[in-house]
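Data first, discussion second: the structure below is written as structure tokens.
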Amino acid sequence: MDYKIIENSTAYKLDKNCCTVVASSIAFDVPFEEMQTYFFKHGRKRNRGYWMRNIIKEIAKDYGYKVISYDKINDYYYIDKKRIDTSYFLNSETNEKTLENCSMTVNNCSSYLGKGTYILGVSRHVLALKNGIVEDWSKGSKRRVERIYKIEKVGKKVKTLTFAEEFKNRKSFF
């Protein structure tokens, strides 16, 4: 999936405020219409936004992915009555500081993150970064990244067959 294909679809044109659906569709490599239906089943209403952090781990589990989240933390301290700001991203699994003192924006996020698949949260918007390419209308903007979700494939989801399907797939032993 890529943003240009989604942007030209009828389902996208008839739905506003669907950035979480678009980003999820791209990051998890699922057709937009299927992901849109998934979000509708989980409480999203058409033309309404939806909080990514409420559903991302569930999507990952259902489609055979693993999610590592990084939250932006701002620390302030004072030296000689002068405020010094430090910022970093905190890994949710290891509680390690990463990407310290970076000013990551939509425009420069690929230089910090590089290859891989990510969903990035900026103020009131979510977008996908896939292999160093921003897949979103906000490509090139100076909006600061506040949250990072790294998406990793853990295995192919296997459909459970019914007895009839299993029997049909068997080869005859005679």
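The values are calculated or read from the model by the stated rules, or taken from the named source; none is laboratory data. A quick note: this is a predicted structure, and the numbers were derived from the prediction, not measured. FYI the Cβ positions are ideal-geometry reconstructions off the backbone, even for glycines, and counts take in every protein chain you see. Ligands, DNA and RNA are excluded from the accessible area calculation, which covers all protein heavy atoms including side chains. Shrake-Rupley method; radii C 1.70, N 1.55, O 1.52, S 1.80 Å.
Restricting attention to segment 105-122, which residues are more than 15 Å from the chain's Cα centre (by Cα) and either among the charged types (D, E, K, R) or open to solvent by 40 Å² or more (accessible area, probe 1.4 Å) (or both)?
Result: Asn107, Asn108, Ser111, Tyr112.
What do you reckon, is Asp136 open to solvent by less than 20 Å² (accessible area, probe 1.4 Å) and either under 15 Å from the mean Cα position of the chain (by Cα) or at pLDDT below 85 (or both)? Can you show your working first?
Values: open to solvent by less than 20 Å² (accessible area, probe 1.4 Å): yes; either under 15 Å from the mean Cα position of the chain (by Cα) or at pLDDT below 85 (or both): yes.
When the stated conditions are applied, Asp136 passes them.
Tell me yes or no: at least one residue of segment 12-23 is loosely packed, with under 14 Cβ neighbours inside 10 Å, modelled with pLDDT of 85 or more and either among the small types (Gly, Ala, Ser) or part of a helix (DSSP H, G or I) (or both).
Narrowing segment 12-23 to residues loosely packed, with under 14 Cβ neighbours inside 10 Å: 13-14, 16.
Keeping just the survivors that are modelled with pLDDT of 85 or more gives 16.
Those still in the list that are either among the small types (Gly, Ala, Ser) or part of a helix (DSSP H, G or I) (or both) too: none.
No, there is no match, as no residue in segment 12-23 is loosely packed, with under 14 Cβ neighbours inside 10 Å, modelled with pLDDT of 85 or more and either among the small types (Gly, Ala, Ser) or part of a helix (DSSP H, G or I) (or both).
Does Ile73 satisfy the condition of being over 17 Å from the mean Cα position of the chain (by Cα) and among the hydrophobic types (A, V, I, L, M, F, W, C)?
On the way: over 17 Å from the mean Cα position of the chain (by Cα): yes; among the hydrophobic types (A, V, I, L, M, F, W, C): yes.
It is true that Ile73 is over 17 Å from the mean Cα position of the chain (by Cα) and among the hydrophobic types (A, V, I, L, M, F, W, C).
State which residue is modelled with the lowest pLDDT when the search covers only segment 50-70 and only residues that are open to solvent by less than 50 Å² (accessible area, probe 1.4 Å) and not β-branched (Val, Ile, Thr). Spell out the reasoning first.
If we filter segment 50-70 for residues that are open to solvent by less than 50 Å² (accessible area, probe 1.4 Å), which is where we start, we get 52, 55-56, 59-60, 62-65, 67-70.
Adding the requirement that they be not β-branched (Val, Ile, Thr) leaves 52, 60, 62-65, 69-70.
On the way: Met52: 74, Ala60: 89, Asp62: 87, Tyr63: 89, Gly64: 89, Tyr65: 91, Ser69: 85, Tyr70: 85.
The qualifying residue modelled with the lowest pLDDT is Met52.
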